[in-house]
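Report on one structure; see the data block that follows.
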Amino acid sequence: MAEQLLAIAVDLARRAGALVAEGRARAGLDRARLNVQSKSTPTDVVTAMDRASEQFLIGELRRLRPGDAILGEEGGPQAGSTGVRWLVDPIDGTVNYLYGLPQYAVSVAAEVAGRVVAGAVHNPVSGETFLASAGGGAWLAAPDGPDRRLRVTGCTELAQALVSTGFGYSAADRAVQAVVVAAVLPQVRDIRRFGSAALDLCFLAAGRVDAYYEHGLHAWDYAAGGLVAAEAGAELTGLHGRPPGEELYVAAAPGVAPAFFALLTGLIARPDRHPAES
Ligand code: LIP
């Protein structure tokens, strides 16, 4: 069943990706054509293409998988009766999309009985599709060659770890997140902020970063990318050893995971404390 759900996730992520990329190209430099509106804060935006992409995804899922539940970023939860739930982010990295930065993706994941078993993250600009099924490994399908198996890096030194992260939309959350990232930065190789959680997790899987963390994500942001990262050998955790989730999402190559998790746990518990003081 996981492979059947994965095939649907890959196909829909790619087709929705083509839809949003066409919409971005039509808008060109005229952002007004994207009908941008704000959500939780003035910087938390949604475009007409977010809505069009989600409407497409939901319509296709209802056609292909009638009775499945669906959770979408823009439309919220829709109950089902089959035990399968789809988690869709119609454009992850909406601000990048709005500014024409090439780091955004459509993320589609399928849960069975509450466990993510298939996921696809497609970046229509690069043409890359990151995909995974539970127990089936993580793969990158790209225009430049055959599908390749993904594996996280062998990084073992925190000071050599390239770390990606992201920040919330509220000024109060960002003030706390700034304290944490300021304390992380001297402890690692460097920080990257790509602007899409789904792609951050897939880049970890592809060995493009060694670790990733973020507070305040939603399930549709991380459902597919988290499976891709786990199937590529990443270790994942939340706060105080709880499962990764909206409170805190941490993922790292296994050689650096213990030190990275310890650093973050210490900081998150007391964001005002610098690790050097501990
Ligand atoms: C985005 C996340 C990203 C986070 C952004 C935003 P969106 O999701 O993928 O990691 O840092 O603040 O939440 O809003 O573009 O779907």
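The values are calculated or read from the model by the stated rules, or taken from the named source; none is laboratory data. Keep in mind that this is a model prediction, so the values were computed, not measured. Here Cβ is always computed from backbone atoms with ideal geometry, including for glycine, and neighbour counts include all displayed protein chains. Surface areas here come from the heavy atoms of the whole protein model, side chains and all, with no ligands, DNA or RNA. Shrake-Rupley method; radii C 1.70, N 1.55, O 1.52, S 1.80 Å.
Of all the numbered requirements in (1) under 18 Å from residue 217 (Cβ atoms); (2) polar (S, T, N, Q); (3) modelled with pLDDT of 95 or more, residue 82 misses one, and that requirement is (1).
Taking residue 91 as the residue in question, decide whether it is touching a residue at least 40 places away in the same chain (Cβ under 8 Å) and under 20 Å from residue 126 (Cβ atoms). Considered against the rule, which asks whether it is touching a residue at least 40 places away in the same chain (Cβ under 8 Å) and under 20 Å from residue 126 (Cβ atoms), residue 91 comes out as yes. The residues listed here are 37, 78; of these, the one that is open to solvent by 30 Å² or more (accessible area, probe 1.4 Å) and more than 19 Å from residue 108 (Cα to Cα) is 37.
Sort out which residues of the stretch 137-152 are open to solvent by less than 30 Å² (accessible area, probe 1.4 Å) and touching a helix residue (DSSP H, G or I) at 6+ places or on another chain (Cβ under 9 Å), and write them in order of number. Those that are open to solvent by less than 30 Å² (accessible area, probe 1.4 Å) and touching a helix residue (DSSP H, G or I) at 6+ places or on another chain (Cβ under 9 Å): 137, 138, 140, 141, 150, 152. Count of the stretch 107-119 residues, restricted to those that are open to solvent by 50 Å² or more (accessible area, probe 1.4 Å) and touching a helix residue (DSSP H, G or I) at 6+ places or on another chain (Cβ under 7 Å), is 0. Sort out which residues of the stretch 231-253 are open to solvent by less than 50 Å² (accessible area, probe 1.4 Å) and either in contact (Cβ under 8 Å) with a residue 60 or more places away in the chain or of a type outside the set (A, V, I, L, M) (or both), and write them in order of number. Scanning the stretch 231-253 gives 231, 232, 233, 234, 237, 238, 244, 245, 249, 252, 253. Out of the residues in the stretch 81-106 meeting the condition of being hydroxyl-bearing (Ser, Thr, Tyr) and within 15 Å of the chain's Cα centre (by Cα), tell me which one is surrounded by the fewest Cβ atoms within 10 Å (Cβ to Cβ). Of everything passing the filter in the stretch 81-106, 94 is surrounded by the fewest Cβ atoms within 10 Å (Cβ to Cβ). In the stretch 43-59, is there at least one residue being polar (S, T, N, Q), near the ligand (Cβ under 10 Å from one of its atoms) and surrounded by fewer than 18 Cβ atoms within 10 Å (Cβ to Cβ)? There is at least one residue in the stretch 43-59 that is polar (S, T, N, Q), near the ligand (Cβ under 10 Å from one of its atoms) and surrounded by fewer than 18 Cβ atoms within 10 Å (Cβ to Cβ). Among the residues making up the stretch 1-37, those that are in a helix (DSSP H, G or I), of a type outside the set (Asp, Glu), more than 20 Å from residue 127 (Cα to Cα) and touching a residue at least 24 places away in the same chain (Cβ under 8 Å) are 2, 5, 31, 34. So for the stretch 120-128 (the condition being within 13 Å of the ligand (Cβ to nearest atom), at pLDDT 95 or above, among the small types (Gly, Ala, Ser) and surrounded by 18 or more Cβ atoms within 10 Å (Cβ to Cβ)), does at least one residue qualify? Within the stretch 120-128, none of the residues are within 13 Å of the ligand (Cβ to nearest atom), at pLDDT 95 or above, among the small types (Gly, Ala, Ser) and surrounded by 18 or more Cβ atoms within 10 Å (Cβ to Cβ).
Take residue 259 and decide whether it is open to solvent by less than 10 Å² (accessible area, probe 1.4 Å) and away from the ligand (no atom under 16 Å from the Cβ). The answer is no for residue 259. Among residues of the stretch 135-171 being within 16 Å of the ligand (Cβ to nearest atom) and among the β-branched types (Val, Ile, Thr), the one that is nearest to residue 216 (Cα to Cα) is 165. Residue count for the stretch 112-122 under the criterion of being free of Cβ contacts under 8 Å to residues at least 40 places away in the same chain and in a strand (DSSP E or B): the result is 1.
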